[in-house]
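The block underneath contains the structure these notes are about, expressed in structure tokens.
The values are calculated or read from the model by the stated rules, or taken from the named source; none is laboratory data. In this text, all values refer to a predicted model and were calculated from it rather than measured experimentally. In this analysis, Cβ positions are derived from the backbone assuming ideal geometry, glycine residues included, and neighbour counts consider all displayed protein chains.
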Amino acid sequence: MYIRRMETPKNPLSLNYRIREGLSRLAMAMRVDEWERAKAIGLNPTQLAILTLLEGRKGGLGVKEIAAHLGVSQPTATDSINALGKKGHVEKRAGQGDRRSIGVHLTPAGLAALRHDTEGQLAEQAIGSLDDGEQQQLLITLVKMIRHLQEKDAIPVQRMCVTCRYFAPFVHADEERPHHCHFVNASFGQRELRVDCRDHELADPSSRAATWETFETG
Ligand code: SF4
């Protein structure tokens, strides 16, 4: 008997490829948001990203670290920092231990600019279209992907719970609040996992691996 074979496309698009296509569309909307928000306070997106990065970093950051976090060259970061300095949004200070090291710090004017609220953020609306469970699952998925990139040294250390020495995953029986933060000594739930916590302290590699295994297996 003749069996008609199913036709297969010559160039099948993998799920991985289509997810990346989807993420790039979201990134596009986020770039539009960033332009709008930056424009509203008289900055460009790189300058806004620097202010955002410096918020909550009491010790400031060096130019090299800023460039690495933003994925830009050091001269580009330097130009943006100088422009922010002229506007009074950041200032350079000598390090307390090493006077030769210079840290870039957010000023009160920079913090005020950052607090400026912009209406109608596209990405916020898109995330808001997901229900609670979908938002929580998306957060966990993002944490997993960011952690992967971090462990591969593809991006700088992100201040996430899953890499923090204060994080104890799944230590409470309460399904709504199974995790514990030893910094504030309180339990919390999956949807409260932090991606950029100012109190974060990086755990050592073996603790990070053990914490991640417990977190993943739940
Ligand atoms: S200090 Fe911040 S990053 Fe660390 S476990 Fe607590 S909430 Fe998470």
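Quick rundown of the values:
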{"read-out": "Residues satisfying the stated conditions in segment 203-215, i.e. under 18 Å from I146 (Cβ atoms) and free of Cβ contacts under 8 Å to residues at least 12 places away in the same chain", "value": "P205, A209, E213"}
{"read-out": "Tally, over segment 142-186, of residues that are modelled with pLDDT under 95, among the hydrophobic types (A, V, I, L, M, F, W, C) and either buried (at least 18 other Cβ atoms within 10 Å of the Cβ) or touching a Lys or Arg at 6+ places or on another chain (Cβ under 8 Å) (or both)", "value": "0"}
{"read-out": "Residue list for segment 65-110, filter: of a type in the set (K, R) and either at pLDDT 95 or above or in the same structural domain as V195 (by TED's automatic domain parsing) (or both)", "value": "K86, K87"}
{"read-out": "Every residue from segment 181-191 that is closer than 26 Å to L149 by Cβ and more than 8 Å from the ligand (Cβ to nearest atom)", "value": "G189, Q190, R191"}
{"read-out": "Counted residues, segment 192-218 - those being within 12 Å of the ligand (Cβ to nearest atom) and assigned to a loop (DSSP other than H, G, I, E, B)", "value": "10"}
{"read-out": "Residue selected from segment 197-212 under the condition aliphatic (A, V, I, L, M) and touching a helix residue (DSSP H, G or I) at 6+ places or on another chain (Cβ under 7 Å), by the criterion surrounded by the most Cβ atoms within 10 Å (Cβ to Cβ)", "value": "A203"}
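Per-residue answers, yes or no, for (1) of a type in the set (G, A, S); (2) without any contact (Cβ under 8 Å) to a residue 12 or more places away in the chain; (3) under 30 Å from A83 (Cβ atoms):
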| site | (1), (2), (3) |
| --- | --- |
| L114 | no, no, yes |
| Q121 | no, no, yes |
| A126 | yes, no, no |
| D131 | no, yes, no |
| A154 | yes, yes, yes |
| Q158 | no, no, yes |
| C164 | no, no, no |
| H179 | no, no, no |
| E201 | no, no, no |
